[in-house]
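Read-outs: derived from the displayed coordinates by stated rules, not from any lab. Nothing here was measured: the structure is a model prediction, and the numbers come from that model. All Cβ positions, glycine included, derive from the backbone under ideal geometry; neighbour counts span all protein chains shown.
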Amino acid sequence: MTAAPMPPPTDVAAFLHRITAEYENLSRQLKLIARHVEAHRDHLGLEGIQDVAAQCGVQPSAVVRFAKHFGFSGFTEMQKLFRQGLSAQIAPSRNYSRRLRDVIESGSGSLSEAEIAHEFLRGSIAGMQELQQALDEEAFSRAVDLMVQADAIWIAGSRRSFPAAVYLDYALQHTDKRIGLVTALGSMHEGQMRSVRPGDVMIAISYAPYAEETVQVAQQAVERGARLIAITDSRMSPLAREATATLLVQDSATFGFRSLTATMGLAQSLFVALAFRLELSYRPTTLAARGGTDPLA
C-alpha cells in the first residue's frame, strides 16, 4: 500500500524543519526553491509566484511542484504561512552600487545622515532581538562543549564574515587553547590545514552566497578529523551539512545592506560562555594594573 501523503506544515518553523529533513533528496530545482524559501521567509508573503520563480531561476510550475511536494495545494496556500512578519527589505544579494541606486530611487536618499544612522541602528537592534529569541540553546551548548574539549580551535571566515573571525581569533587567544585563524592570504589556507588534527575544532563563518574558500577549509578540517561549528544563515548551507553544531544567524538588512551586529554578538557570546566554562581567571596586564583598559575591552 502507498503511504498517505503528509499534511502540509501549519507554521513556518515546522515547514523549514521539513525542508531541511528532505533537502538532500530534492531535485536541483526544488533545492534552489528551498534555499530561497528559507532565506526570504520574512517577505515571501509579498512575492508573487513569478517573482519567486525568477529569483530561483526556475519556471513557475517548479514553484507549484515544490509547494505540492510538501502537501500544499499550490503556491497560494504555501504563501499563507508567511503572511506574518513581512519585511520589504531590498534584496541583500544585489551589489552595493545597485542597492544604493535602489535606496535613492525609493526616496530613502532624502533622509538625513542622522536618520540613516537611526535606521541602521534600529535594524541592528531588531537583528539582535531576533537572534535572542531564535537562538538554538542546545546547539549553542554543544558548540561550547566542543570548544572546551578541543586542544586547538581553528577559525575561518572570509569577506563579510572576516571581522567576526578576526574577533574570535583575538578573544580566544586569551584562553590556554591553541588558536589558529585560517585566511586565504597568499593562498596559504591549504597549507594551514595540514596542521589540523583529529579532536580539533573548526569554527567556520559564512553566509549566502558562501565564500568558497571557507567552505573548502571547513570540509578539509572535517576530513582531517576535526569537528565543525558552523555559524551560518541556513540549515541547508554547505557548512551546516558538515557541522557537529550549527548556529543560525539572520543579520538584519537596512536599505539592502546587512548588519554584522548579530554575528558579532553571537561570536562574543561564544567566547564569554567558553571563558566561564574554563573558569578563565582575570589576569590584568601591566597596563590594566596601572589603571589602563581591560585587555578584553
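Brief remarks follow.
- Other residues within the sphere of radius under 11 Å centred on the Cβ of residue 215, judged by their own Cβ, net out at -2 (K and R +1, D and E -1).
- Where only C-alpha atoms are counted, convex hull volume of the range 124-270 per residue in Å³: 99
- Taking a straight line from the alpha carbon of residue 31, these lysines sit under 27 Å away, with near neighbours fewer than eight places off in the same chain left out: 68, 80.
- Each peptide among 238-249, 63-74 gets the average number of other Cβ atoms lying within 10 Å of its residues, and from highest to lowest they stand as 238-249, 63-74.
- Separation of the residue 125 and residue 138 label points, Cα + 7 Å toward Cβ, nm: 3.3
- Backbone geometry of the range 9-23 corresponds, through the Karplus equation with coefficients 6.51, -1.76 and 1.60 at θ = phi - 60°, to 3J(HN,Hα) couplings of x, 9, 8, 5, 4, 5, 5, 5, 5, 5, 4, 4, 5, 9, 4 Hz, x marking Gly and Pro.
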